[in-house]
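First up is the structure itself, then whatever we jot down about it.
The values are calculated or read from the model by the stated rules, or taken from the named source; none is laboratory data. These numbers were taken from a predicted model, which means no experiment stands behind them. Ideal geometry is used to build each Cβ from the backbone, glycine not excepted, and the neighbour counts take in all protein chains shown.
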Amino acid sequence: MEESRLQLLRERAKQIRIGVIEGTHAAKSGHPGGSLSIADLLSYLYFEEMNVDPADPKKEERDRFVLSKGHCAPALYAALAARGYFAPEELTTLRKIGSRLQGHPDMTLTPGVDMSAGSLGLGVSSAAGMALAGKIGGKNYRVYTIVGDGESEEGQVWEACMFAAHYKLDNFCLILDWNGLQIDGSVEEVMNPTPHDKKLEAFGFHVISIDGHDFDQIAAAFAEARKTKGKPTAIIAKTVKGKGVSFMENQVKWHGSAPNDEQYAQAIAELKGGN
Amino acid sequence: MADKIATREAYGKALVEFAGQYDFVVLDADLAEATKTVIFKKAYPERFFDCGIAEGNMMSVAAGIATTGKTVFASSFAMFAAGRAFEQVRNSIGYPHLNVKIGATHAGITVGEDGATHQCNEDIALMRTIPGMTIVNPSDAVEAREAVLAALKTNGPFYLRFGRYAVPVINDKPDYRFTLGKGIRLADGRDVTLVATGLMVSLALEAREALAQEGIDARVVNIHTIKPIDREILTAAAAETGAIVTAEEHNIIGGLGSAVAEVVGETCPVPVVRVGMNDTYGHSGTVPALLEAYGLTVEHLVRAAKEAIAKKRA
């Protein structure tokens, strides 16, 4: 990827990460760890991959995105704000009474949110439904969903995978955020859902494994997904929970707790200092 | 003797009848032969999608389809549609208020021989607690057709409750009018009101005749729309007859009986005696044997009416 594009994507990812910290700090709650792990994926989706228009959020032909791991809404909101769906200043209303930015995404409140989701396992099915609707209606849009690795312990994820493969939804792209941690500990220790690649293949997916923080690999994976016909694609993105904030990286306690003022200042300084 | 048709049969036929006029698709979870969506599947195979035995996924898929502007009917047995998939119905369909119509068949104990695991007597209670959910429990095939049409004309989540068992057609009359959210006063009376839903409506009409033999003048109200419930007709019944009996093929906890008691408790408190499944599971057996065993009978309605009248304040 040429340097200028790469710089732009990194800049957007940084904006998203800062938005995550701003939002969860202001809310005094929320899920920064898994939000930071998907920031690069969201940067690519919203600034390169998806055909979306902030001026017309409900455009029929648009590509669609469902954050099945909806607790990472702070990252989605930050991406939407960065993309121009609403002002970045709104990010600090996260989780507050009267805000459009609910703890988990609400399609009826937030411009750019395509599906209410967050009860784990449900969003991936809805994304598959959107993909089927595209096929029925002869539309060319694509549907993307990010699923958590812990979330993959939910049986419904696999029901949805069976469904997507059965109906040959090649306009459907599942991204697994493989950050390795869930609330009670490491994903493998809590309830080992691996190997995801073999399981997803067995469920009828074309599977691509990448480093979820490497934009060249992300770009190549989405391009390959577009070219894959007759079956859905799953991108297993190896990521770092808390990515970009030193004291949050790979720390399970940052799954669902917000930074205090001091931690906030340090996190913002680190993010603004780095790429 | 009136014809007997199962409301599920009317559901399948209505889907075909309205398919030309309305843009919708139908999902099922490997029960098309039983829910009768098979009738639609045969007529419109390109608009029918089997989801396999995965009801939770089906409900969330239905929600996803509905976000694109298409109306979706999602069918299974009530046990799985409202029970198994409750959370998907609540979070994927109800919370975003999407245009998904849940066609739940095999509700209540008239499932028969399959027994308690498949006899859902809790679905109305579950669905009633979902904000924005409309619930219709038709009393016969005529009303079932109207319910499907009403679902198509109404924006938002909609729960349609159908039965497996063939029940008498009681609404094939020129003056029959279905209005969503409005109960139907089938017979006037002064002493007590029998408020019934689903297959209990025809039994309530029979109970009225039996009560008349004993000089008791019973009003009969058909509540096909359980939510939003017709507060007006219930309040008038309470005020004008002073006692109410509710009749439903559902647990008396959370169903029609609860809904009626909630309304009249607020608007015009009178004795309410609830006839239905008395907080119990069902059993295997023929439908007549089950209705008898669990007291979903004309005799029980007559007893309940007398009990309600006796409780009136002097």
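Filtering the range B:19-33 to residues that are surrounded by fewer than 17 Cβ atoms within 10 Å (Cβ to Cβ), farther than 19 Å from A:I136 by Cα and either within 14 Å of another protein chain (Cβ to nearest Cβ) or not charged (D, E, K, R) (or both) leaves only B:D30. Total residues in the range A:118-133 satisfying the condition of being more than 7 Å from chain B (Cβ to nearest Cβ), crowded, with 24+ Cβ neighbours inside 10 Å and of a type in the set (A, V, I, L, M, F, W, C): the figure is 2. Check whether at least one residue in the range A:96-109 is crowded, with 20+ Cβ neighbours inside 10 Å, more than 10 Å from every other protein chain (Cβ to nearest Cβ) and touching a Pro at 6+ places or on another chain (Cβ under 6 Å), and report yes or no. For the range A:96-109, residues crowded, with 20+ Cβ neighbours inside 10 Å, more than 10 Å from every other protein chain (Cβ to nearest Cβ) and touching a Pro at 6+ places or on another chain (Cβ under 6 Å): absent. Scanning the range B:271-284 for residues that are over 20 Å from the mean Cα position of the chain (by Cα) and buried (at least 22 other Cβ atoms within 10 Å of the Cβ) yields a count of 0. Residues in the range B:37-50 that are buried (at least 24 other Cβ atoms within 10 Å of the Cβ) and touching an Asp or Glu at 6+ places or on another chain (Cβ under 7 Å): B:T37 only.
Among residues of the range B:81-90 being farther than 19 Å from B:A151 by Cα and surrounded by fewer than 23 Cβ atoms within 10 Å (Cβ to Cβ), the one that is farthest from the other protein chains (Cβ to nearest Cβ) is B:G83. Can you name every residue in the range A:216-275 that is free of Cβ contacts under 8 Å to residues at least 60 places away in the same chain and touching a Gly at 6+ places or on another chain (Cβ under 8 Å)? Across the range A:216-275, the qualifying residues are A:E249, A:E270.
Restricting the search to the range B:191-213, which residues are touching a residue at least 60 places away in the same chain (Cβ under 8 Å) and farther than 30 Å from B:D123 by Cα? Within the range B:191-213, B:D191, B:A210, B:L211 meet the criteria. Among the residues making up the range B:91-136, those that are on the phi > 0 side of the Ramachandran plot and surrounded by 23 or more Cβ atoms within 10 Å (Cβ to Cβ) are B:H106, B:G108.
Of B:A236, B:A218, which residue is in contact (Cβ under 8 Å) with a residue 60 or more places away in the chain and at negative phi? Among B:A236, B:A218, only B:A218 is in contact (Cβ under 8 Å) with a residue 60 or more places away in the chain and at negative phi. For B:G265, the criteria (1) within 21 Å of the chain's Cα centre (by Cα); (2) surrounded by fewer than 23 Cβ atoms within 10 Å (Cβ to Cβ) hold in every case but one, which is (1). The number of residues in the range A:134-171 that are outside any helix (DSSP H, G or I), at negative phi and either surrounded by fewer than 20 Cβ atoms within 10 Å (Cβ to Cβ) or within 11 Å of chain B (Cβ to nearest Cβ) (or both) comes to 9. Could you please let me know if B:A63 is under 30 Å from B:D172 (Cα atoms) and either assigned by TED's automatic domain parsing to the domain that holds B:V142 or touching a Leu at 6+ places or on another chain (Cβ under 6 Å) (or both)? So B:A63 fails the test. The residues on offer are B:A74, B:A14, and the sole one that is in contact (Cβ under 8 Å) with a residue 40 or more places away in the chain, surrounded by 24 or more Cβ atoms within 10 Å (Cβ to Cβ), touching a Leu at 6+ places or on another chain (Cβ under 8 Å) and over 30 Å from A:L120 (Cβ atoms) is B:A14. In the range B:45-61, is there at least one residue being touching a strand residue (DSSP E or B) at 6+ places or on another chain (Cβ under 9 Å), at the interface with another protein chain (Cβ under 8 Å from one of its Cβ atoms) and of a type in the set (S, T, N, Q)? No: the range B:45-61 contains no residue that is touching a strand residue (DSSP E or B) at 6+ places or on another chain (Cβ under 9 Å), at the interface with another protein chain (Cβ under 8 Å from one of its Cβ atoms) and of a type in the set (S, T, N, Q).
Residues checked against (1) in a helix (DSSP H, G or I); (2) over 30 Å from B:H118 (Cα atoms):
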position	(1), (2)
B:G215	no, yes
B:I229	no, no
B:A239	yes, yes
B:H250	no, no
B:V260	yes, no
B:H283	no, no
B:L291	yes, no
B:A305	yes, yes
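Taking the criterion of being closer than 20 Å to A:K139 by Cα, within 17 Å of the chain's Cα centre (by Cα) and within 14 Å of chain B (Cβ to nearest Cβ), the residues of the range A:36-67 that qualify are A:D63, A:R64, A:F65, A:V66.
For (1) charged (D, E, K, R); (2) under 25 Å from A:G256 (Cα atoms), each residue gets a yes or a no:
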residue: A:D149; (1), (2): yes, yes
residue: A:V157; (1), (2): no, yes
residue: A:L174; (1), (2): no, yes
residue: A:Q182; (1), (2): no, yes
residue: A:P195; (1), (2): no, no
residue: A:I208; (1), (2): no, no
residue: A:F215; (1), (2): no, no
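If I ask for residues that are surrounded by fewer than 18 Cβ atoms within 10 Å (Cβ to Cβ) and assigned to a loop (DSSP other than H, G, I, E, B), which ones from the range A:191-203 would you list? Selection gives A:N192, A:T194, A:P195.
The range A:6-83 holds helices (runs of 4 or more DSSP H) entirely within its bounds, and those carrying 3 or more residues that are farther than 26 Å from A:S186 by Cβ map to A:73-83.
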